[in-house]
Amino acid sequence: MLKRSPSRRMSSISTIDRGGGGGGGSAPGSPKTPPHHSAGSISPAIGFSTLPLARPRRPLTSAEIMRLQMRVTEQSDNRLRKTLMRTLVGQMGKRAETIILPLELLRHLKSSEFNDTHEYHLWQRRQLKILESGLLHHPSMPLDKSNPYAQRFREILRASETRPIDTSKNSDTMRTLCNSVVSLTWRSSNGSPTDVCHWADGFPLNVHLYVSLLQSIFDFRDETLVLDEVDELTELMKKTWSTLGISRPIHNLCFTWVLFQQYVVTAQTEPDLLHATHAMLSTEVAADARKPDREAIYVKLLSAMLSSMQEWAEKRLLHYHDYFQRGNGSLIENLYVTITEGAGKEKGDTKIVDSSGDRVDHYIRSSIKSAFAKIIESGSYKSTSIEVRDEASEAVLQLAKETEDLALRERETFSSILKKWNPIAASVAAVTLHQCYGAVLKQYLAGVSMLNNETVEVLHKAGKLEKILVQMVVEDSADCDDGGKSIVREMVPYEVDTVILKLVKQWIEERLKRGRQCLLQARDSETWNPKSKNEPYAQSAVELMKIAKETVEEFFNIPVGIGDDLVYELTEGLENLFNEYTNFVAACGSKQSYLPTLPPLTRCNRDSKFFKLWKKATPCSVSAEHLHHHVVTEGHHPRPSTSRGTQRLYIRLNTLHYILSHLHSLDKTLALGPRSSLSPRPRHNTTRRRKTNSSSYFELAYTSIHSACQHVSEVAAHRLIFLDSSSVFYESLYVGDVTSSRIKPALRTIKQNLTLMTAILTDRAQPLAMKEVIKASFEAYLMVLLAGGYSRVFYRSDVQMIKEDFDSLKHIFCTCGEGLMNEEVVEKEADIVEGVIDLMGECTEQLMEDFSIVTCESSGIGNVSSAQKLPMPPTTGRWNRADPNTILRVLCHRNDTVANQFLKKTFHLAKRN
């Protein structure tokens, strides 16, 4: 038997019919064997792909092959052959199965045939132990403890423990031993003579011996291979059946067990062994188990074998990912075998593994969880601290990839097989993996406090994994009665989009919180002093807009689908910040606080003490104009009188315009920012935007800032005119008389103040600020004319000078700056003042008539009779030529007799003191 080529593994198996009958089907091949094996052939009897031994100088007999397989030395074999020959010669005609082999060996082999006494003693003890096991420990028939032959045999066994017994012909010990062994061997259950020799047919000794013989079919050089001579060897083993009490059903059980055990002890490397076990169980063993005349020993042996197989199979199915890999997943089918025992009323099924749907469901869930746990155990996730976010993110990403691989491997390798017993096997696996990864994802997200790219990547990967698993469930459960609804309910959604939305909102809130902190710090420390001439605005505004700009830029860099809802949520929060800051900037008081208190109405008196003192002082003192000029000039160069408080108001105004300009930039960035087509539909903010018909995200902020600009400009203008310029304007203009207190000194100061204002204010802030200064100046001019108090008196002849002064005042505003203020705007604001000046040019009688008419109209009393008095018109401060209080004030400042008499008679107004 020459070595010609690498051997073929066992490819199929069928039945062993009483030692070698029947044929078998084919099964998948196996990996290559080591190169030292020889070519094999397919046994026609049992279908094994077998391994021939190397060819010696002559072909080996079956007995010689058995000896080599059983590792029996040639010396031992010669001794055995010689003993058997002596026995057969001395007992001619005796059946071979009636030979008590261990006893014959003790009788015929002497110590001289061994190397030394110790070796002979060990050999002798071995033969006695075999007899002890077969006759005393495991007899085929129950043994009475008081049996005299058994007692004598035990005495000889005890004597052999220390030294070899005497086995010579004339030895009493040997005669006693032979007598005891023969008597125990040939006894029967009822004491009658029997032709059955019972020295080695008791369970389980006979089975252990027979299993040892069956083990010899595997090549001792590669225990996963079966020899070519398997048919001859099993034919030899068949000769032991009568001695060992082996029947065909017991042979089938033993042979099945040997195949199964060999698969297990060889580390399950040869799948064909499991195929062969399955074939034996499903055919021969299943057929034998259904027979009604089964022996008790067979039932006991079958039960023990199935129980052991059940335990082994259950363990592997609960962790089938550990024991079955890609390419051998089909071996799982070999674990599902049902053995029907008995017939009729005694009929019952025994399963190697429970193939019910619920149990297979349990196998799938258990094995998936075990496989997932091993991924975590062997991966980087276990050793990663959850506080180290970057490492944790990478680990969770890797875990998602390995989970996806596990799901695909499950579907490709196992689900199609397990589907035979559980129609939604793939769905169960997908749901279990979804739950396992979901638990890890939940733990990871518990440590996430803010959104970053790594977290978004983890969530996107989790969403992708979830879609794959859901698709597995959908495809697998499409044919189910409920369409897979029940199994899908177990999948608690990861809600990746919801989590991302929540994290984005947390991110937005965190950025807005930074803005609020900036606002709070501004309230505590802002001084409204510019950083430099190039930055004439508050630094708190710079910080706030920097935060807003960074927030918007980073917002669109978040790797998620940014929808309109999120954009509006961010802009609404920013807008609230801008509004709060705008309110803070605009919190600078009111213009009313700078308006002087109106003096009480009195009649003008040309002979008042003031005028008498004024006339006495005039010849020997400088004029009021020169006096005032000395106060407000330094040499020949007048200097502005703008206070630091007013300049700070200019900084507030610049700050508002700085915010306004940056809002336009933010608006553009938001409008051009990327949008997600899958984002949620915008809610309330969009509605608000549509109602205002505005394309701006900060419409309310724009409105608030414009209102604040108006307010701050008004306050700054009134402070400049009524506080900073009061000494040369309201307090000095036309004091005493018009001729000596003209507007020229005031104009110089106002012009310098306007120059400083335009130097401080940014270009965009100047027009509104200038307009409010015009309004405040004209209001102050009206108060000089109408509410100047005791120090002012006007003649009708003064109107021309007043007109000239007012024209000069208008001219300053029209020429201040290049095109800063349109002449039409100045003229429009001057209309009221010019109307009042025109009133001052009318005669007293006309003024009295006009006053009576408008007073009656405004009070609703109609024409006043001569006996009826006119009511005192209220002071509204809204001066104009149609206002009765304005006309009354012109009369009060008119220094003539007619006016005095009218005022005294009508309102009992006292003269000025």
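The values are calculated or read from the model by the stated rules, or taken from the named source; none is laboratory data. In this text the structure is predicted, and so the values were computed from the model without any measurement. FYI the Cβ positions are ideal-geometry reconstructions off the backbone, even for glycines, and counts take in every protein chain you see. Areas reflect the complete protein model, heavy atoms only, side chains present, ligands, DNA and RNA absent. Shrake-Rupley method; radii C 1.70, N 1.55, O 1.52, S 1.80 Å.
Taking the average, over residues, of other Cβ atoms within 10 Å as the packing measure, peptides 734-746, 105-117 rank 734-746, 105-117 from highest down. Residue-wise HN-Hα couplings along region 698-710, as the Karplus relation 6.51 cos²θ - 1.76 cosθ + 1.60 with θ = phi - 60° gives them from phi, are 10, 4, 5, 5, 4, 4, 5, 5, 4, 5, 5, 4, 4 Hz; Gly and Pro carry x. Accessible surface comparison of His908, His275, probe 1.4 Å, protein chains only, largest first: the order is His908, His275.
With a Förster radius of 51 Å applied to the C-beta separation of Tyr795 and Gln710, the computed FRET efficiency comes to 0.85. Residue ranges 227-234, 754-761 sort as 227-234, 754-761 when ordered by packing (mean number of other C-beta atoms within 10 Å per residue, highest first).
Spatial offset of region 156-180 relative to region 704-778 amounts to 142 Å, using the alpha carbon center of each. Loop-located trypsin sites (Lys or Arg not before Pro) in region 148-222 (DSSP state other than H, G, I, E, B) with a sparse environment of at most 16 neighbouring Cβ atoms within 10 Å: Lys169, Arg221. In this structure, the amide hydrogen of Gly202, modeled 1.01 Å from its nitrogen in the peptide plane, lies closer than 5 angstrom to those of Ser140, counting only residues at least 5 positions away or on a different chain. Counting protein heavy atoms only, region 748-901 has 50 percent of its accessible area on carbon and sulfur, 1.4 angstrom probe.
With 10 Å bins beginning at zero, the pair-distance distribution over Cα atoms of region 700-756 amounts to 22, 37, 23, 13, 5, 0 %.
Translational diffusion of region 276-340 was estimated from the Stokes-Einstein equation, with Rh taken as the Kirkwood radius over Cα pairs; at 10 °C and 1.306 mPa s the coefficient is 122 µm²/s. Derived scalar couplings between HN and Hα for region 871-879 equal x, 6, x, x, 8, 9, x, 8, 5 Hz in order, rounded to whole Hz, by the Karplus curve 6.51 cos²θ - 1.76 cosθ + 1.60 (θ = phi - 60°), x for Gly and Pro. The heavy atoms of Phe778 offer some 10 square angstrom of accessible surface to a 1.4 angstrom probe. Under 5 Å between amide hydrogens, built in the peptide plane, is the criterion, and for Glu535 it picks out nothing among residues at least 5 positions away or on other chains.
At the residue level, Tyr658 shows approximately 30 square angstrom of accessible surface with a 1.4 angstrom probe and all protein chains present. In the complete set of protein chains, residue-level accessible area for Glu394 is approximately 110 Å², probe 1.4 angstrom.
The accessible-area ordering, largest first, of the residues Cys588, Cys709 stands as Cys588, Cys709, per a 1.4 angstrom probe. Using the Karplus relation 6.51 cos²θ - 1.76 cosθ + 1.60 with θ = phi - 60°, the per-residue 3J(HN,Hα) values for region 291-297 come to 5, x, 9, 6, 6, 4, 5 Hz, with x marking Gly and Pro. Each part gets one Cα centre, and for region 582-605 versus region 509-537 those centres are 30 Å apart. Skipping prolines and chain starts, which residues have an amide H placed within reach, meaning under 5 Å, of the one on Asn880, given they are 5 or more residues away or on another chain? Distant-sequence amide H within range of Asn880: Thr886.
Hey, how many Å between the Cα centroid of region 404-480 and the Cα centroid of region 881-907? Cα centres, region 404-480 to region 881-907: 95 Å.
In this structure region 465-533 gives 63 Å² per residue of accessible area when probed at 1.4 Å with all protein chains present. Protein heavy-atom surface of region 214-333, 1.4 angstrom probe: 54% of the accessible area is carbon and sulfur, with nucleic acids and ligands not counted. Expressed as a whole percent, the accessible area of region 55-210 that falls on carbon and sulfur atoms is 53 (1.4 Å probe). The largest accessible area among Ile376, Ile156 belongs to the first residue in Ile376, Ile156, and the rest follow in falling order (1.4 Å probe, all chains).
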